[in-house]
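Accompanying notes for the structure given below.
The values are calculated or read from the model by the stated rules, or taken from the named source; none is laboratory data. The model shown is predicted, which means the values in this text are computed figures rather than measured ones. Cβ atoms come from the backbone with ideal geometry, glycine included; neighbour counts cover every protein chain shown. These accessible areas exclude ligands, DNA and RNA; they are computed on the full protein's heavy atoms, side chains included. Shrake-Rupley method; radii C 1.70, N 1.55, O 1.52, S 1.80 Å.
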Amino acid sequence: VQLQASGGGLVQTGGSLRLSCAASGSIFSLTYMAWYRQAPGKQRELVASITSGGDPNYADSVKGRFTISRDNARNTVYLQMNSLKPEDTAGYYCYAVDRRTGYWGQGTLVTVSS
């Protein structure tokens, strides 16, 4: 399974971005999909996750600002990020589980200027 993330970029404080991550390859069933982020000098952290049934989960720091969704027909997960803050600046990585094996995407950089 390969994951291709896109949608990162430079945005001002208060702006919005939408990240996408498309899975391809020998996919059976992506039971879990998620977005993580890693800022320079910090550990990678979970931002949001979503089950195959569409149940989302969010880190406290992004609740009310970010929305995760998925299109099962396209094997794609999205992250709509609104009201962005400088502390959201990080590399954003998608993650998916298929047949109990986890896969990482290559990451997309989000930079929020103050």
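Here are the numbers:
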{"quantity": "For SER24, solvent-accessible area (1.4 Å; no DNA, RNA or ligand), Å²", "calculated": "60"}
{"quantity": "Accessible area per residue, Å², the chain with all protein chains present, probe 1.4 Å", "calculated": "53"}
{"quantity": "Order by protection proxy (mean Cβ within 10 Å, highest first), peptides 54-61, 95-102", "calculated": "95-102, 54-61"}
{"quantity": "Highest-fluctuation residue, ILE50, ILE68, ILE27 considered, GNM on the chain with Cα pairs under 10 Å", "calculated": "ILE27"}
{"quantity": "Check: the chain dipole with +1 on Lys, Arg Cβ and -1 on Asp, Glu Cβ, in debye", "calculated": "60"}
{"quantity": "Per-residue ³J(HN,Hα) for region 29-40, Karplus 6.51 cos²θ - 1.76 cosθ + 1.60, θ = phi - 60°, Hz, x for Gly and Pro", "calculated": "7, 7, 6, 8, 9, 7, 10, 10, 9, 9, 8, x"}
{"quantity": "Carbon + sulfur, % of accessible area of the chain - ligands and nucleic acids excluded, 1.4 Å", "calculated": "46"}
